Structures are given as structure tokens and as C-alpha cells.
Amino acid sequence: MQVLCTHAENTVAEGTSRKKRDRYKALYAERKHIMMREYQGEIGDASRKIFQASWIHRLKLHKPVPVPDNVDMLFLTSDPAQGGECEWSTVGAYYDRTMGCMIICLLDSFTLKPATPHNMRVKLENSISALRCAHPAFRSAPIVYCVESAPKMFAEAVAEYADEIARTQNANIICMNESSDGRPGVPKTAQNTMLMSEVAQRFMENNAVRFSAACTTSVQGSSIVEERKKLFGQLERYARKIDEKTGKIRIDGKDGGANDDYAVAFVMQGFWYKWLWDSTNERYTGVKQYSAKFRNAAHASSGKERFTVRGYEMSFEDEQKEHKAKRQKRGQEIRNLMFAL
């Protein structure tokens, strides 16, 4: 097997010509991680970043989006800590169907000391209150709370208190309940973690994430600028890695003990929002009917609904057409190169 050294391009196995190397580079130009695996002998997928640096930089440069007069639904996702210090993050967003974008409107991250039931409930209520007060359009919109839940862990307690708030306050709040054993919250498995990451990749790749002009935080002593920096830092570290103990591939951003709860809460957004709309659970009927009114209004006013949901991915028609045209053009260039060689 002839292997191209990844550290010194001139160090190659005997017989590997420059012409052959150039051809492989052209063939794998858009899939460098596959070239690492197939041609250079490295496991490229195992350390591949989920979000490209250019996507994150582009998100940083976008101007905040003004809040529309009416918002159909506020979708909150939370990733509580599984042990140790009780840390968790919450990302809140609404989905603008005329722009075809996820609009982030809440960023909360904090460490709970001590992790008492009272403090858990206070933190949850503070997040909801901060979001409700951020803009008049957020005051009456239904809130769907999606909390990762794990049995016998801190996350389960957070999910239970989120469900209790939804049931007792009668404040137009719903807690998702998708656990197989009937517990509040949503499960996190190796399979749905991969799917959540793929959906989040599609949002970022298609330039379909923005920050709201009314984006807020309930974290005392912090600002939305600082919370954005935390989110960006965790998105940059979020990657596929090989678990040294099991040899299996995992996805996280825990480098050197760093947290990845913001990144996890972010990737939960698109997947569980899609799940909500596909679910036949009767507890979601009211919020979906309320949201559908605004969705239909947007469709009627714009002539088409750009934001559609298909399979496990969010489809953005205009961006998909452009992406397809680029792929076809690139494919023709590769075919021409192969014939030339």
C-alpha cells in the first residue's frame, strides 16, 4: 500500500508520482476527511469538526435579526450536567419561515451550587422570565421546553421540574416527553446524537442560523456578548472523536475538561423541533395548532413557504438548489480532469 505522508508532502512511498497525487487531491478536494482515510491512512472521520470554522465565522458576522410582530413558538433546549458540578446550558430559538432560519433568542449557561430543588426551579423560571421580557412578541407565544433527561442523574431532576412548571403555572408552556419509560424530557443516544449533529450541520452549512436583535440571557454578571463567545468556542471544539476505552466514535466538545453543554443544546434544536412536528403525541396538539396559524399566514403572504421539514433534515429550497448546482459543476470538473489524465 502506498501512503502519502500527511506531515511532509514530498515524503511518499516509492512509485507514487506527483501526477497521481494531484489527481487524488482533485478527486477528494471537497472531502478531505475521506482522502485522509482512503489515501493517507488516517481515520479522518474520527477527529472531524462538526462545524467548519467558516460557518461559525459567518454566523459571528451576521447582523441581529429584528423580531417580527408575532412569533409562533419559542423552542428551548437544555443540556444539564450528568454529574459533578451541576452545570447546564439553555438555547432558545424561534423559526422564521419566511427567512428559512433558526433565530436564536436566548443563551443561558450557569453552574448550580448547591443543586437543590429550589435552585433548579428558580433557574428554570429565570430563563423563561428573561425570554418573556425580552420582547413583546415573546410574551404570548407558546414555549416548548426540550430537556435532555437521563435516569438517576441531575438531568432527570431538571426535566421533572421543567415539566412541573409547565403543568402547574398554566403559562402556555409545554415540556417535551419522549422518554420510553414515560419520564419527562428527551433521551440522548449515540444514534440520535449523530442525527442531531447532522441536522445542525445542515442549518450551519446553509447559512440558516441567526441571532435575534432581542437575544437575551438570565445569567447574572454576564452579557449576551459573553454568552455568544461561549457558544462559538464550544461549537469550534465540537467534533467526532475516538473513545480510547471502547474504540467507538463519539461526538462531543469536551477537550481538556472543557464543557460542551452549549454546543449540545444547540444541536438539539433542529432535530427535536422536527420531532415535535412529526410526533402524534396529543400533548403537542395545542401548540402545533397555534403555530400553524402563523405558518399558514407566512405561506399566504410570501407565496411559498421556504422553511419546510423533510426526513431528519430541514430543507431550505433556495439554498438546496444552489448547493446542487455547485455539486454538478464540481462533478463535471472532476470528470474532465479524469479524462485529461
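Readers should treat all values here as calculations from the given coordinates under stated rules, not as data from a laboratory. None of the values given here were measured: they were computed from a predicted structure. Don't worry about glycine lacking a Cβ; one is built from the backbone with ideal geometry, like all the others, and counts go over all protein chains shown.
A few notes on this one:
- Unsatisfied cross-links (Cα-Cα over 27 Å) in the set LYS25/LYS329; LYS113/LYS229; LYS63/LYS329: LYS63/LYS329
- Here the label points at LEU61 and VAL122, each 7 Å from Cα along the C-beta direction, are separated by 4.3 nm in the simple model.
- For the pair ARG21 and THR98, label points projected 7 Å from Cα toward Cβ lie 5.4 nm apart.
- Gain on full stretching of the segment that runs from GLU226 to GLU164 - 0.36 nm per residue minus C-alpha separation: 19.3 nm
- Ordered by the count of other Cβ atoms within 10 Å of each Cβ, fewest first, TRP88, TRP55, TRP277, TRP272 give TRP277, TRP55, TRP272, TRP88.
- R0 of 56 Å, Cβ-Cβ distance LYS113-LYS293: FRET efficiency to nearest 0.05: 0.85
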